[in-house]
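The values are calculated or read from the model by the stated rules, or taken from the named source; none is laboratory data. Since the model is a prediction, treat every value here as computed from it, not as a measurement. Every residue, glycine as well, gets a Cβ built from its backbone with ideal geometry; the counts of neighbours run over all protein chains shown.
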Amino acid sequence: MKNTLRQVFHSSKFVVGFCIFAAILLTMIIYPLYNPGSPLEMIGVGTFAKPGTYVSLYDATKAPVETLRLSDADDKRIAASLSQDDRIAMVEWFTIMEIDVSDLDISDTDALLALWREHYDPSVKPKGMTMAKRNYYKRLNNALLELQGADTLIIADTDEETGALVEKSKITKTDYVNVSTVANVKVLPLGTDNFGRDVLKELVSATGTSILIGIIAGTVATLIGLTLGLLAGYVGGFVDDFIMFITNIFTVIPGFVLLILISYSLGQEQRGATVVAVVIGFTSWTWTARSVRSQVISLRNRDHVNLSKLSGHSLVRIVLTDILPYIASYVVMAFILQVSSGILAEAQLSLLGLGPKTTEVPTLGLMMNWAMLYSAHTNGSWWAYFPVILTIALISFSLNLMNTGLDQVFNPTLRD
């Protein structure tokens, strides 16, 4: 056993795959300790908040203030206030007014504002421009003037007796607060999804659920395929013919189509993560059964097996002690592939809306389904789906690397 493990961990492919998979498992264990709570908790009212650090404005106004005079603060403030759509609209105005902007780089805020201050006139009514569009340009110009001119913001509250606004405090452009002194700060490395949920927390939980689904599906498929393959290969005759008949029926019917039909017939309320995993395993055992059968056929007439027969050992003992140990490495590799296939099958089902019910736990497939339904891929919310795709790819890549490494160790024809 020690020699076998030594050989396995001498395989560079297995070690790389094992390290990637172990890192994913450690993240699933450690991150919930750092960020506890339900992964389905809706912390945001809006949808698809961008990744970053969010500070409570209410608490920031009460935090200790320090005065900092940064030379480029105004430039950064104005550049941040001009969205890409605003910049394009400004260029459109220049074009309508027949102003040469061939050499203008819209990402150059200083050059854009200089041209705008020189040529924009709110009283001008360009030919063909609607009133709504002219009002948009006026609002944009007023906002730019306010940013350039106002040095102070006044925080006011309504007086309970008079109903008039009473000044509470002032905030100047040079006022800064240390983030560590603000009571409520939330770091969202992957932002929020369409429901306002922390994507990273959801992703970690979904990864664990999907791996669990893969393990359950892989166990079910491997046990069914192993049992039927051992019986068909060793007993032979009518038993072999009958098992192969059943296997051929499942082989002729596309497994994923069968999986869709079974999942659809169960209904949304009955489709928990475990149920989906069992269904996936029940529809993906055929190639394991065929492969195990071919391995057993090559072993059943070996001398040690014939000796066990002559000794009067039972069928179960012969299969478990004289045949199974010789194909154990192959069974482990088949199990790893079944786990990977189970994770991918769940993702495919969930994309079609036939995965586990959405009210219990998130899965990688469900996260992809939510992102697709709310058009994350079209509105630029990459954080809602790209990390999920990357996680699925990493899990499948690591499991397949481990399988390839094991194959090199246990298959003599592949050894260097």
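Take residue 157 and decide whether it is surrounded by fewer than 15 Cβ atoms within 10 Å (Cβ to Cβ) and touching a Lys or Arg at 6+ places or on another chain (Cβ under 7 Å). Answer is yes for this residue. Just one of the listed residues (239, 252, 257, 185) is outside the structural domain of residue 309 (by TED's automatic domain parsing), exposed (fewer than 15 other Cβ atoms within 10 Å of the Cβ) and either in contact (Cβ under 8 Å) with a residue 12 or more places away in the chain or not aromatic (Phe, Trp, Tyr) (or both), and it is 185. Residue 56 fulfils the conditions (1) farther than 21 Å from residue 391 by Cβ; (2) buried (at least 16 other Cβ atoms within 10 Å of the Cβ); (3) not acidic (Asp, Glu) except for a single criterion, (2).
Considering every residue within the stretch 172-184, establish whether at least one is closer than 30 Å to residue 359 by Cα and touching a Gly at 6+ places or on another chain (Cβ under 9 Å). There is no residue in the stretch 172-184 that is closer than 30 Å to residue 359 by Cα and touching a Gly at 6+ places or on another chain (Cβ under 9 Å). The single condition from (1) buried (at least 20 other Cβ atoms within 10 Å of the Cβ); (2) assigned to a helix (DSSP H, G or I); (3) not β-branched (Val, Ile, Thr) that residue 362 fails is (2). Cβ separations smaller than 8 Å between residues 6+ apart or across chains give the following pairs from the stretch 61-84 residues that are in contact (Cβ under 8 Å) with a residue 60 or more places away in the chain to residues that are acidic (Asp, Glu) and in a strand (DSSP E or B): 65/175; 66/175; 67/175. Would you call residue 175 closer than 30 Å to residue 381 by Cβ and of a type in the set (Asp, Glu)? No. In the set 208, 237, only one residue is of a type in the set (Gly, Ala, Ser) and either in contact with a Lys or Arg (Cβ under 9 Å, 6 or more places away or on another chain) or closer than 30 Å to residue 326 by Cβ (or both); that residue is 237.
Put simply, of 293, 271 the only residue that is surrounded by 20 or more Cβ atoms within 10 Å (Cβ to Cβ), in contact (Cβ under 8 Å) with a residue 40 or more places away in the chain and under 29 Å from the mean Cα position of the chain (by Cα) is 271. Quick check on the stretch 374-385. Is at least one of its residues in a loop (DSSP other than H, G, I, E, B), in contact with a Gly (Cβ under 9 Å, 6 or more places away or on another chain), at pLDDT 85 or above and of a type outside the set (Val, Ile, Thr)? Yes. Of all the residues that make up the stretch 14-37, how many are part of a loop (DSSP other than H, G, I, E, B) and surrounded by 12 or more Cβ atoms within 10 Å (Cβ to Cβ)? Number satisfying all stated conditions: 1.
Please work out if residue 406 is in a helix (DSSP H, G or I) and over 22 Å from residue 190 (Cβ atoms). Here the answer is yes, as residue 406 does meet what is asked.
Under the condition of being loosely packed, with under 14 Cβ neighbours inside 10 Å and modelled with pLDDT of 85 or more, the residues counted in the stretch 386-414 number 2. Pairs are defined by a Cβ separation below 7 Å, a sequence spacing of at least 6 or placement on different chains, a first member in the stretch 306-332 that is on the phi < 0 side of the Ramachandran plot, and a second member that is among the small types (Gly, Ala, Ser) and part of a helix (DSSP H, G or I); the pairs so defined are 318/308; 322/308. Pick from 121, 151, 100: which is of a type outside the set (Ser, Thr, Tyr) and either in contact with a Gly (Cβ under 9 Å, 6 or more places away or on another chain) or at pLDDT below 80 (or both)? So the residue among 121, 151, 100 that is of a type outside the set (Ser, Thr, Tyr) and either in contact with a Gly (Cβ under 9 Å, 6 or more places away or on another chain) or at pLDDT below 80 (or both) is 151.
Residues of the stretch 226-255 that are in contact with a helix residue (DSSP H, G or I) (Cβ under 7 Å, 6 or more places away or on another chain) and of a type in the set (A, V, I, L, M, F, W, C): 226, 228, 230, 231, 232, 239, 243, 244, 250. Pairing each residue of the stretch 125-148 that is on the phi > 0 side of the Ramachandran plot with any residue that is in a helix (DSSP H, G or I) and not acidic (Asp, Glu), provided the two are 6+ apart or on different chains, yields C-beta distances under 8 Å for 128/96.
Among the residues of the stretch 1-22, the ones that are at pLDDT 80 or above and over 16 Å from residue 400 (Cβ atoms) come to 0 in all.
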